[in-house]
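Undergrad: Got a structure here, written out as structure tokens. Questions coming.
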Amino acid sequence: MSRFLSVVATAALVVAVSTGSAFAQDFRALARQDLQRAHDELAANHPAPAIPGAASQGFRAWLDTGLQESLALTPRVNSGDSHAYLLRFFAGGFRDSNIQVSPTFEGTGPYFGISWPGFTTGWRNGRYVVTYVKPGTRNAPRVGDLVTDCNLIPIEEFARAKLDRWEGNLETEAGRVTSAPYLMWNRNNPFTTGVPSQCSFQSGRGRPRDIQIRPIPIVPGDLEAAYRATVYMPPATPLAVETVNGRPWLHVHSFSDSAGWPAFNAAVEAQAAALRGPQGFVLDLRAARGSGENSSTARGYGLANRIWTPEFTVSRQPAAGDITYRATQGNRDWYAGALGRMEADPYFVQESMFVIEQTREIVAAFDAAIAAGQPTFTLAGRPAVSDTGATNPVQGPVIVLVDAGCSGGCLDTLDLLSRLPNVRIAGSTTATDSIFVEPTVERLPSNYSDLSYGHKAWTSRPRANNQPYAPAQGLIYTGDPVDENAVRAWVGTLFQ
């Protein structure tokens with residue numbers, strides 16, 4: 001959940017950045033303060049310390065070690081952006097996408113850099129390859145060339161030092177895909193290298209050739225063009241319905257509350273008959289990130305119910321199973337606050353009254369556990385529902401298109417869609433999430449960052465901890481992910 005600084009805080013940040021070294025010590029102090037607070041908040045309220053099993057081991061191993069590693073880097077913090085990078089490094093070390101520290105100001109963004117070599121790389125079929133070369137760039141590799149090493153360092157080692165935890169989680173396919181364009185850029189991260197001075201590139205089966213790399217000036221639009229030529233980015237209107245090759249194509253590229261759900265849901269309801277026709281339809285969940293203030297999962301389930309009807313989906317929804325909560329006052333207060341927001345939202349009351357009722361029960365359980373001095377409590381989630389016998393209203397095949405940007409509520413939605421008949425998941429591997437779900441968001445002392453973490457443990461979730469959705473053989477798209485015409489033509493072959 002992103003927020004922006006107040007006018008006063010933003011002005012303070014501009015002054016601090018622009019006046020250079022006089023304020024550098026302030027940013028170092030703020031980084032130390034925020035790191036310690038994030039550590040203490042996670043230690044006090046995150047479920048992992050109280051939950052046994054493999055899913056908690058990474059958290060326990062990194063919590064104190066990561067704090068010390070991060071604190072050791074604070075002398076190199078010299079700006080608001082470097083402060084954000086260091087907090088991101090600490091959060092990334094948990095290898096849990098549900099633990100994040102995000103700047104509250106408008107930071108670098110995906111298209112930011114202070115220099116680049118005029119070309120960009122992407123992650124393709126397990127390798128770093130050149131995906132874009134700016135026209136007119138001299139002494140540049142060719143699109144499709146494989147990167148073998150940079151600065152005499154094997155490319156895997158070079159990539160991990162420059163990208164891992166700073167730009168993405170290189171333990172995951174999704175983290176590789178979204179961070180790959182930054183391999184050659186200088187993103188003004190003082191903890192890593194900028195543009196490499198030399199790299200080796202291999203064309204086809206030929207021998208690698210060394211290229212001396214020189215940074216070139218950035219012209220506005222350069223880096224956005226390079227990134228968009230490498231990684232699929234959602235359109236400006238994230239929710240829409242169109243007809244492609246004679247069948248409906250539903251665009252769902254965001255689960256944010258502000259994405260325009262009321263109008264989109266109305267459009268889906270108006271076209272329900274067409275969606276259920278024998279020709280089938282496409283549900284495009286590429287880049288479907290973002291979370292709602294109350295429940296992004298409810299958005300996805302609400303969409304499925306509009307298409308397949310609640311009577312049909314109810315017996316196919318995955319059982320919630322046991323949910324374990326760490327009984328702390330901080331976690332209790334979060335639920336009480338969330339309950340108040342839900343009850344004050346008329347649309348949410350109309351759409352998801354069952355969530356409100358569950359939250360009321362959870363707050364009461366927190367009160368009972370805290371009063372009894374219990375460190376945790378477990379509640380049984382919604383059990384599996386027997387088949388209602390309702391007829392599947394969707395007559396045709398359904399292709400659900402996913403990629404590395406499908407995260408958060410998108411994954412929860414796939415938990416349901418993957419259980420429906422005649423539904424196939426296609427595209428490329430999604431992001432991952434841990435079993436520690438549903439975010440608490442807290443402003444850190446500097447006012448420049450928000451800490452977000454999953455505050456309950458879904459210990460019985462059918463999908464394992466940090467397990468993505470990967471399309472089956474024959475449903476994997478290996479072409480250019482940003483060539484929309486090629487993607488649509490390929491999807492069309494899946495209906496033949």
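The values are calculated or read from the model by the stated rules, or taken from the named source; none is laboratory data. Owing to the predicted nature of the structure, the values given are computational and were not obtained by experimental measurement. Glycine also receives a Cβ, built like all others from the backbone with ideal geometry; neighbour counts cover every protein chain displayed. Remember, those area values only see protein heavy atoms, side chains included, never the ligands or the DNA or RNA. Shrake-Rupley method; radii C 1.70, N 1.55, O 1.52, S 1.80 Å.
Undergrad: Going through segment 213-266 one residue at a time, which ones are touching a helix residue (DSSP H, G or I) at 6+ places or on another chain (Cβ under 8 Å), of a type in the set (V, I, T) and open to solvent by 30 Å² or more (accessible area, probe 1.4 Å)?
TA: Selection gives V241 alone.
Undergrad: Ok, one more. Residues being part of a helix (DSSP H, G or I) and closer than 16 Å to P47 by Cα: count how many of those fall in segment 65-100.
TA: 1
Undergrad: What are the residues in segment 107-125 that are assigned to a loop (DSSP other than H, G, I, E, B) and touching a Ser or Thr at 6+ places or on another chain (Cβ under 9 Å), if any?
TA: Within segment 107-125, P110, P117, G118, N125 meet the criteria.
Undergrad: Here is a follow-up. When the residues of segment 366-408 are filtered to those that are among the charged types (D, E, K, R) and in a loop (DSSP other than H, G, I, E, B), which remaining residue is farthest from the chain's Cα centre (by Cα)?
TA: Among residues in segment 366-408 that are among the charged types (D, E, K, R) and in a loop (DSSP other than H, G, I, E, B), the one farthest from the chain's Cα centre (by Cα) is D387.
Undergrad: A further question follows. I need a count of the residues in segment 247-270 that are at pLDDT 95 or above and more than 23 Å from T178 (Cα to Cα).
TA: Number of matching residues: 12.
Undergrad: When you look at R60, is it touching a residue at least 12 places away in the same chain (Cβ under 8 Å), surrounded by fewer than 18 Cβ atoms within 10 Å (Cβ to Cβ), of a type outside the set (V, I, T) and more than 22 Å from N186 (Cα to Cα), yes or no?
TA: Yes; evaluated as a whole, the condition is true for this residue.
Undergrad: Out of all the residues in segment 356-378, which are surrounded by 13 or more Cβ atoms within 10 Å (Cβ to Cβ) and in contact with a helix residue (DSSP H, G or I) (Cβ under 6 Å, 6 or more places away or on another chain)?
TA: Within segment 356-378, I356, T359, I362, V363, F366, T376, F377 qualify.
Undergrad: How many residues does segment 409-445 contain that are assigned to a loop (DSSP other than H, G, I, E, B), closer than 30 Å to E41 by Cβ, of a type outside the set (V, I, T) and open to solvent by less than 30 Å² (accessible area, probe 1.4 Å)?
TA: Selection size over segment 409-445: 4.
Undergrad: Identify the residue in segment 303-329 that is in contact with a strand residue (DSSP E or B) (Cβ under 8 Å, 6 or more places away or on another chain) and farther than 30 Å from A263 by Cα and, among all such residues, is surrounded by the most Cβ atoms within 10 Å (Cβ to Cβ).
TA: So the residue we want is R326.
Undergrad: When segment 324-355 is examined, which residues are found to be more than 30 Å from R306 (Cβ to Cβ) and touching a helix residue (DSSP H, G or I) at 6+ places or on another chain (Cβ under 7 Å)?
TA: Correct list: Y325, R326, A327, T328, Q329, G330, N331, R332, A336.
Undergrad: Just wondering, is there one or more residues in segment 384-397 that are in contact with a Pro (Cβ under 9 Å, 6 or more places away or on another chain), at pLDDT 95 or above and on the phi > 0 side of the Ramachandran plot?
TA: no
Undergrad: I'd like the full set of residues that are β-branched (V, I, T), open to solvent by 40 Å² or more (accessible area, probe 1.4 Å) and either closer than 30 Å to L86 by Cα or over 20 Å from the mean Cα position of the chain (by Cα) (or both), limited to segment 446-496.
TA: Across segment 446-496, the qualifying residues are T459, I476, T478, T493.
Undergrad: Give segment 186-230 a look and list any residue that's among the hydrophobic types (A, V, I, L, M, F, W, C) and either touching a strand residue (DSSP E or B) at 6+ places or on another chain (Cβ under 7 Å) or outside any loop (DSSP other than H, G, I, E, B) (or both), or say none.
TA: V195, C199, F201, I211, I213, I216, I218, L223, A225, A226, A229
Undergrad: Any residue at all in segment 146-164 that's open to solvent by less than 20 Å² (accessible area, probe 1.4 Å), closer than 28 Å to D450 by Cα and of a type in the set (D, E)?
TA: Yes, segment 146-164 has at least one match.
Undergrad: Can you tell me which residue is nearest to Y85 (Cα to Cα) among those in segment 177-200 that are without any contact (Cβ under 8 Å) to a residue 60 or more places away in the chain and open to solvent by 20 Å² or more (accessible area, probe 1.4 Å)?
TA: T192
Undergrad: I would also like to ask the following. Go through Y128, Y182, Y132 for me and flag whichever is within 27 Å of R76 (Cβ to Cβ), in contact with a strand residue (DSSP E or B) (Cβ under 9 Å, 6 or more places away or on another chain) and in a strand (DSSP E or B).
TA: Y128
Undergrad: While we're here: Working only within segment 311-365, note down all residues that are of a type in the set (D, E, K, R), touching a residue at least 40 places away in the same chain (Cβ under 8 Å) and either at positive phi or assigned to a helix (DSSP H, G or I) (or both).
TA: Once the filter is applied, which keeps residues that are of a type in the set (D, E, K, R), touching a residue at least 40 places away in the same chain (Cβ under 8 Å) and either at positive phi or assigned to a helix (DSSP H, G or I) (or both), segment 311-365 yields E311, R341, E351.
Undergrad: Which numbered condition trips up R76, out of (1) under 19 Å from N186 (Cα atoms); (2) open to solvent by less than 60 Å² (accessible area, probe 1.4 Å)?
TA: (2)
Undergrad: With respect to R160, determine if the residue is free of Cβ contacts under 8 Å to residues at least 12 places away in the same chain and not in a helix (DSSP H, G or I).
TA: No; evaluated as a whole, the condition is false for this residue.
Undergrad: Right, another one. What are the residues in segment 96-133 that are among the charged types (D, E, K, R) and either touching a residue at least 24 places away in the same chain (Cβ under 8 Å) or buried (at least 23 other Cβ atoms within 10 Å of the Cβ) (or both), if any?
TA: D96, E106, listed by residue number.
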